[in-house]
Amino acid sequence: MENEKKVSAISDVGAWAMNVISSVGIIMANKQLMSNRGYAFSFATTLTGFHFAVTAIVGLVSNATGYSAAKHVPLWELLWFSVVANMSITGMNFSLMLNSVGFYQISKLSMIPVSIGSLQKKYSIGSFELLSKTAPIQALSLLILGPFIDYYLSGKLITDYNISTGASLFILLSCSLAVFCNVSQYLCIGRFSAVSFQVLGHMKTVCVLTLGWLLFDSELTFKNIMGMIIAVVGMVIYSWAVEVEKQSSAKNLAHSKNSLTEEEIRLLKEGVEKNPLKDVELGEAKG
């Protein structure tokens with residue numbers, strides 16, 4: 001039992017760490033790729049299509065090798081989810097292209113991934129299995145519509161973009177990080193509560209603001225610094241409160257196992273009161 005708890009705790013920490021590192025890393029890679037001071041790859045929708053294409057390939061390989069099992073989810077549910085997810089991710093990437101990494105991350109906190117969790121519970125499907133089903137649909141739709149959407153938003157055609165070696169490397173890096181980011185996102189939603197997920201978001205915000213200031217000369221004001229301090233203090237307090245609650249629950253469980261409830265005591269008293277009367281009646285009858 002204790003070994004199972006340790007394994008579960010290690011896997012939770014691993015999912016948490018993977019999500020933080022990949023999420024922060026992909027923001028930095030995308031900012032370098034899409035900003036004018038970087039490689040000016042202003043095709044956010046198409047880039048998202050690349051991300052899901054690579055993720056879909058990984059999912060197909062996983063299913064083929066037996067690492068993950070395919071489960072049935074209605075096609076209309078997958079299509080509806082893919083449309084909503086594509087709009088959300090494309091909007092966030094476009095925001096990253098136009099704004100600072102700090103503004104991007106703070107605006108991203110308002111988006112709570114409820115749809116993923118509801119689908120997982122509704123169809124009892126694992127995180128990676130669900131991702132394997134949605135990624136091909138998202139990739140296909142984004143790669144077909146992406147160039148037209150990007151042209152409408154930026155006035156540039158992807159076919160006119162002169163891709164360099166550096167831009168190619170950053171696209172590959174972004175796609176690789178996207179796989180880890182997508183997988184860890186689904187893993188975290190399956191494992192952690194909404195509050196824990198928001199704490200995870202605050203941790204990423206602190207990392208993004210700090211790295212944005214160090215790498216891209218983003219403005220780091222007194223309010224930003226105070227916000228990061230408050231976020232860190234909040235995470236510490238939350239961790240402490242969760243640990244206290246766990247210890248309290250364990251004590252209450254142990255106490256309940258070693259003590260009788262009021263109902264059990266009442267029934268026991270009634271049993272003791274009834275038994276002597278029966279013995280007396282039996283004695284009189286024998287006499």
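The values are calculated or read from the model by the stated rules, or taken from the named source; none is laboratory data. From a predicted model like this one, the values you see are computed outputs, not experimental measurements. Note that we place each Cβ from the backbone using ideal geometry, even for glycine, and neighbour counts take in every protein chain shown.
Quick one: count up the residues across the range 46-73 that are modelled with pLDDT of 80 or more, in contact with a Ser or Thr (Cβ under 7 Å, 6 or more places away or on another chain) and among the polar types (S, T, N, Q).
Of the residues in the range 46-73, 3 are modelled with pLDDT of 80 or more, in contact with a Ser or Thr (Cβ under 7 Å, 6 or more places away or on another chain) and among the polar types (S, T, N, Q).
Return yes or no: is ILE163 assigned to a helix (DSSP H, G or I), out of contact with any Phe, Trp or Tyr (no Cβ under 6 Å at 6 or more places or on another chain) and modelled with pLDDT of 85 or more?
Details: assigned to a helix (DSSP H, G or I): no; out of contact with any Phe, Trp or Tyr (no Cβ under 6 Å at 6 or more places or on another chain): yes; modelled with pLDDT of 85 or more: yes.
Criteria not met by ILE163.
Can you give me the number of residues within the range 147-160 that are modelled with pLDDT of 90 or more and part of a helix (DSSP H, G or I)?
Qualifying residue count for the region: 6.
Can you find, within the range 11-61, the residue that is nearest to TYR161 (Cα to Cα) among those that are of a type in the set (Ser, Thr, Tyr) and assigned to a helix (DSSP H, G or I)? Reasoning before the result, please.
Within the range 11-61, the subset of a type in the set (Ser, Thr, Tyr) is 11, 22-23, 35, 39, 42, 45-46, 48, 55.
Then drop every residue that is not assigned to a helix (DSSP H, G or I), which leaves 11, 22-23, 45-46, 48, 55.
On the way: SER11: 42, SER22: 27, SER23: 26, THR45: 15, THR46: 13, THR48: 17, THR55: 24 Å.
Result: THR46.
So the check is Cβ under 7 Å with 6+ separation or different chains; which pairs have a first residue in the range 61-80 that's under 16 Å from GLN138 (Cα atoms) and a second one that's modelled with pLDDT of 85 or more and surrounded by 11 or more Cβ atoms within 10 Å (Cβ to Cβ)?
From residues that are under 16 Å from GLN138 (Cα atoms), the pairs are VAL73/LYS133; LEU78/LYS133; LEU78/THR134; LEU78/ILE137; LEU79/ILE137.
Is one or more of the residues making up the range 5-18 of a type outside the set (Val, Ile, Thr), under 30 Å from LEU153 (Cβ atoms) and crowded, with 19+ Cβ neighbours inside 10 Å? Spell out how you get there, then give the answer.
Residues of the range 5-18 of a type outside the set (Val, Ile, Thr): 5-6, 8-9, 11-12, 14-18.
Retained after the next criterion (residues that are under 30 Å from LEU153 (Cβ atoms)): none.
Looking through the range 5-18, none of the residues is of a type outside the set (Val, Ile, Thr), under 30 Å from LEU153 (Cβ atoms) and crowded, with 19+ Cβ neighbours inside 10 Å.
Please go through the range 145-175 and pick out each residue that is surrounded by fewer than 16 Cβ atoms within 10 Å (Cβ to Cβ), within 27 Å of the chain's Cα centre (by Cα) and over 20 Å from SER23 (Cα atoms).
LEU145
Does ILE137 count as at pLDDT 85 or above, within 18 Å of SER35 (Cα to Cα) and either in the same structural domain as LEU187 (by TED's automatic domain parsing) or not polar (S, T, N, Q) (or both)? Break it down stepwise before answering.
Details: at pLDDT 85 or above: yes; within 18 Å of SER35 (Cα to Cα): no; either in the same structural domain as LEU187 (by TED's automatic domain parsing) or not polar (S, T, N, Q) (or both): yes.
No; evaluated as a whole, the condition is false for this residue.
Answer yes if at least one residue in the range 95-117 is within 30 Å of VAL206 (Cβ to Cβ) and at pLDDT 70 or above, and no otherwise.
First, pick out the residues of the range 95-117 that are within 30 Å of VAL206 (Cβ to Cβ): 95-117.
After this cut, where a residue has to be at pLDDT 70 or above as well, the list is none.
Checked the range 95-117: no residue is within 30 Å of VAL206 (Cβ to Cβ) and at pLDDT 70 or above.
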